[in-house]
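What follows is calculated from the coordinates using simple rules that are stated; it is not laboratory data. Worth saying up front: this structure is predicted, and the values here are computed from it rather than measured. Glycine gets a Cβ as well: all are built from the backbone with ideal geometry, and neighbour counts include every protein chain shown.
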Amino acid sequence: MKPIQFILVSLLILLLITYLGRRKSRLLDQAFVLFLAGLGVALVLVPDWANLIAHWVGVGRGADLLTYLGLLTVGFVLLKFYIKMGELERCLTEISRDSTIKNATFPPKA
Amino acid sequence: MTACVLLQERGGALLNKAIFVIVPAYNEGGVIRSTAQPLIDLGYSVVIVDDCSQDGTADALVGLPIYYLRHPVNLGQGAALQTGMRFAVLQGADVVVHFDADGQHQARDVDALVEPILSGQADVVLGSRFLRREDVLEVPFVRRLLLRCAVFVNWGLTGVRLSDAHNGFRAMSAAAAKLINLSENRFAHASEIIVQIRQFRLRFVEKPTTIVYTDYSRAKGQPMWNAISIFSEMLLRRLFK
């Protein structure tokens, strides 16, 4: 095993343990993450598989395929955060509004 | 203290007390008193919604007969207006008016703005800088061009064609204020109102208003590039709401 393979596999396993250790996600999500981590480890250890899959789906090189998938994943995660932030902002606004109206003063105090 | 009690105390300005003027304020300590005073003098119920100012805006208002509301965190102008509208409706307002804190709007214009609502002709009245030649000339040239473009963008996004865009001076009946619910916390609320006017089939008219551009209001107002940010915010919200 080359040093970079060792580093990448270790990081993937660490991420997997951290994720599964939270025990907050659904079983289906856990299975999906387990599959992704397994696929990641396999592609790190046998890089030719990435080339094979890339050829099969019509992309020239395995590295290109991984770049495209990486960009899509980043976009998806950003979108998920954007929606989540919107939900949190709506909650914060409602809580602040209720408290503001409850504490209204007439006239204002110093 | 409710609006009804105030009515009895004042005895006279019965009608104006049921008109609640909402003034959202963020770090407007230098001008907020001079903005509120003419409204008070005309007998309106003034609601200042302080959006968590850090410059002593509250201190500047001490002693004035106004309702003072303060957000515990800074949320944005749209959120402050929605807070003010909900409060005004709870207090028994007949008409709710949106009024900028930076001194751009004229208290004497409120009367003409609310008239179509009081006479039952409209549910919402929108102020416009582009209905009278003298008002148009008050608008700086570059801003005028940008607003003309914004009118078309708003038309495309909301389906409602108006003569002005993002004019913060508007009035609505209590019934309309109950229906309209602003979820856009920042400046995109101005377009959201138009969307909801159409959604709830509210009757609306535009009324000419004079906007006074001072150095202060220009510095405090929305920077030109905000137009891009508002546009992208609206698009994203539309796609992912």
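Report for chain B the percent antiparallel among DSSP-assigned beta bridges with both residues inside it, nearest 5. Of the beta bridges lying entirely in chain B, close to 25 percent run antiparallel.
A full extension of the chain between A:Asp29 and A:Glu89 corresponds to an added length of 19.0 nm, given 0.36 nm per residue minus the alpha carbon distance. In terms of packing, defined here as the mean over residues of other Cβ atoms within 10 angstrom, the peptides B:179-185, A:88-94, B:147-153 line up highest first as B:179-185, B:147-153, A:88-94.
Rounded to the nearest 0.05, the FRET efficiency derived from the C-beta distance between B:Ile228 and B:Asn181 at R0 = 22 Å is 0.25. Would you work out if the stretch B:56-196 is rounded, prolate or oblate? Take a ≥ b ≥ c from the square roots of the eigenvalues of the alpha-carbon gyration tensor; rounded if a/c is under 1.5, else prolate when a/b is larger than b/c, oblate otherwise. Cα axes put the stretch B:56-196 in the rounded bin. With contacts defined as alpha carbon pairs under 8 Å and 6 or more residues apart, what's the relative contact order of chain B in percent? Relative contact order here is 21 percent. Classification of the stretch B:3-240 by its C-alpha gyration tensor yields a rounded form. The axis ratio a/c (a ≥ b ≥ c) stays under 1.5.
Of all DSSP bridge pairs formed entirely within the protein assembly as shown, close to 30 percent run antiparallel. Cβ-to-Cβ counts within 10 Å put B:Phe200, B:Phe141 in ascending order as B:Phe141, B:Phe200, the fewest first. Panel note: the C-alpha atoms of the protein assembly as shown, placed on their principal axes, show extents of 89, 43, 38 Å (largest first).
Hydropathy first: keep DSSP H helices in chain A averaging at least -0.5 on Kyte-Doolittle, then drop any whose Cα extent along the axis falls short of 24 Å, and list what survives.
Helix filter hits for chain A: A:3-22, A:27-45, A:62-102.
The fewest-to-most ranking of B:Ser217, B:Ser34, B:Ser229 by surrounding Cβ atoms within 10 Å reads B:Ser34, B:Ser229, B:Ser217. By the count of other C-beta atoms within 10 Å, a proxy for reagent exposure, A:Met85, B:Met85, B:Met234 are ordered fewest to most as A:Met85, B:Met234, B:Met85.
For the stretch B:136-174, backbone nitrogen atoms closer than 13 Å to the point 7 Å from B:Gln199 Cα along Cα-to-C-beta are found at B:158.
The lysine pair count for the protein assembly as shown, using Cα distances under 23 Å and pairs eight or more places apart or on different chains, is 11.
Under the shape rule built on the C-alpha gyration tensor, where the axes satisfy a ≥ b ≥ c, the stretch A:1-45 is oblate, since a/c reaches at least 1.5 while a/b does not exceed b/c. Dividing the summed helix terms, -39500 (n - 2.57) for each DSSP H run of n ≥ 4, by the number of residues in the protein assembly as shown produces a 222 nm estimate of -18000 deg cm²/dmol to the nearest 500. Amide H contacts under 5 Å for B:Lys207: B:Leu126, B:Gly127, B:Ser128, restricted to partners 5 or more places along the chain or on a different chain, H placed in the peptide plane at 1.01 Å from N. Per-residue mean of foreign Cβ neighbours for B:70-79 is 4 (Cβ atoms of other chains, 10 Å radius).
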